């Protein structure tokens, strides 16, 4: 086995792959939010959307922002070659199942439970 060639091939393929990652933060309105990154040619924006759905659950999410820095072609010795590499980023804010007001007073107990 030719190890240098194998390492060189792996180095060329590495930019095409990548893991979908998510960084948790607070959105502009204070909701739980995620910055989701889908790098490489093996992922699309729909992969970012699927990760958002997984993270936010049944309550859903709203898109705060998105960016796609993808190159469809790169220069090669013979002209241009398809690449579809780069990074797609999706910033989402999760909805909550029951909207919570942090300044709301605790709910009052029913009259018969006060005994």
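Any idea which of (1) modelled with pLDDT of 90 or more; (2) more than 15 Å from residue 96 (Cα to Cα); (3) loosely packed, with under 14 Cβ neighbours inside 10 Å is the one residue 59 doesn't satisfy?
Condition (2) is where residue 59 drops out.
All but one of (1) assigned to a strand (DSSP E or B); (2) surrounded by 11 or more Cβ atoms within 10 Å (Cβ to Cβ); (3) at pLDDT 65 or above hold for residue 69; state the number of the condition that does not hold.
Here residue 69 clears every test but (2).
Looking at 101, 47, 112, which one is modelled with pLDDT of 90 or more and not in a strand (DSSP E or B)?
Result of the check over 101, 47, 112: 47.
Restricting the search to the stretch 22-42, which residues are surrounded by 14 or more Cβ atoms within 10 Å (Cβ to Cβ) and either within 21 Å of residue 95 (Cα to Cα) or modelled with pLDDT of 85 or more (or both)?
Result: 22, 27, 31, 32, 33, 34, 35, 36, 37, 38, 39.
The values are calculated or read from the model by the stated rules, or taken from the named source; none is laboratory data. These numbers were taken from a predicted model, which means no experiment stands behind them. Virtual Cβ from ideal backbone geometry, glycine too; neighbours counted across all protein chains shown.
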